[in-house]
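Trainee: Just dropping this structure here.
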Amino acid sequence: MEFLSEDLQKYVEDHSEPESDLLQQINRETHLHVLKPRMLSGHLQGRVLSMLSHMIRPKNILEIGTYTGYAALCMAEGMQAEGKLITIDNNEELAMRTKGYFDQSERSGQIDLHVGNALDIIPALKEKWDLVFIDADKENYSNYFDLVINNVNKGGFIIADNVLWSGKVFDKSKSDKDTEAIRAFNQKMHTDSRVQNVLFPIRDGLMILRKL
C-alpha cells in the first residue's frame, strides 16, 4: 500500500536533500540484486532519519535490522565525531555486501555490524543509547523495546519502522501474526508512561519515541 501518490512522492523527494552517491549506489544495487528491495528505507525516509539524527546528535546509536545498510548510513550522518553505531542483522548472506558499503563510508570506523539474533546480542551490549532504530522482525518489536528501554538515556529516542504495516493495522479484516504484533506494539507505545510518542505517516509509518 502506498500512502502517497506517485506524483506527490516524486515532488516530495525532488524538494528534499538528494541522496549521496553511496546511498544512490546502495539503492540501485539493492533493487537490482537483493530480495525484497522494498525493505530499503529509501530516499525520503533516509533523509528523515538523517535529519532526526542531526537534531539528536547521538553519541551511541543502535540499529536492529541492518538489511543493506542504507538507514544506518543515514543515521550515521548526524552522529557525534566520536560516536559509534552498532547494527544487528541475522542475514549472513547480506553481511558481506553491507560491510562493503560501510567500508566505503567516511564513518566506516565508527560502524560495527553484528550478525546474529538481536535478542541474544542486545543484552550483551553495555552502551547507553541516544538513538535506537527498530526495523527487524515485527513479532519481536515489543521485545526489542523491552530490551533497550532501560539503556536509553533520558531524552534519548527510539524509532520504529513499518508501524502502519501497509495499512493492515487499521484494517479489521487483517489478523496475521505480524499485523497483530504491530498493533500490540503501537498500543503499548501509546500507553507506556516512560515515553512520549508520535506516529509519523512517513512511508510505511515511523513511531518516534522520546524517553522521559
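Trainee: Let me make sure I get this right: for the stretch 53-174, a, b and c are the square roots of the gyration tensor eigenvalues over alpha carbons, sorted descending. Under 1.5 in a/c it's rounded, otherwise prolate if a/b > b/c, else oblate. Which is it? Intermediate values should be presented prior to the final figure.
Mentor: Details: a/c = 1.58, a/b = 1.30, b/c = 1.22.
Prolate.
Trainee: Quick one: accessible area per residue over the chain, 1.4 Å probe, rounded to a whole number of Å²? Don't skip to the end; give the middle numbers.
Mentor: Details: 10820 Å² over 212 residues.
Counting only protein heavy atoms, the per-residue value for the chain is 51 Å².
Trainee: Looking at the square roots a ≥ b ≥ c of the eigenvalues of the Cα gyration tensor of the stretch 108-206, which shape do they give, rounded for a/c under 1.5, prolate if a/b is larger than b/c, or oblate?
Mentor: Details: a/c = 1.88, a/b = 1.56, b/c = 1.21.
Prolate.
Trainee: In the neighborhood of Arg210, defined by Cβ-to-Cβ distances under 12 Å, what is the net charge if each Lys or Arg adds +1 and each Asp or Glu adds -1? Don't jump to the answer; show the numbers that get you there.
Mentor: Working: positive: Lys154, Arg194, Lys211; negative: Asp130, Asp192.
Overall, the nearby charge balance is +1.
Trainee: Connecting C-alpha atoms closer than 10 Å in a GNM of the chain, tell me which of His190, His43, His15 has the biggest fluctuation.
Mentor: Ranking His190, His43, His15 by mean-square fluctuation puts His15 first.
Trainee: Follow-up. Give the residue list of GluC sites (Glu not before Pro) in the stretch 117-212 that are DSSP loop and have at most 14 other beta-carbon atoms within 10 angstrom. Write out the running numbers ahead of the final one.
Mentor: Details: sites: Glu127, Glu139, Glu180; in loops: Glu127.
Filter output for the stretch 117-212: Glu127.
Trainee: Using DSSP to define loop residues, name the trypsin sites (Lys or Arg not before Pro) in the stretch 136-212 whose beta-carbon has at most 16 other beta-carbon atoms within 10 Å.
Mentor: Numbers: sites: Lys138, Lys154, Lys168, Lys172, Lys174, Lys177, Arg183, Lys188, Arg194, Arg203, Arg210, Lys211; in loops: Lys172, Lys174, Arg194, Arg203.
Answer in residue order: Lys172, Lys174, Arg194.
Trainee: Carbon-plus-sulfur fraction of the accessible area of the chain, 1.4 Å probe, in percent?
Mentor: 51 percent
The values are calculated or read from the model by the stated rules, or taken from the named source; none is laboratory data. Keep in mind that this is a model prediction, so the values were computed, not measured. Virtual Cβ from ideal backbone geometry, glycine too; neighbours counted across all protein chains shown. These accessible areas exclude ligands, DNA and RNA; they are computed on the full protein's heavy atoms, side chains included. Shrake-Rupley method; radii C 1.70, N 1.55, O 1.52, S 1.80 Å.
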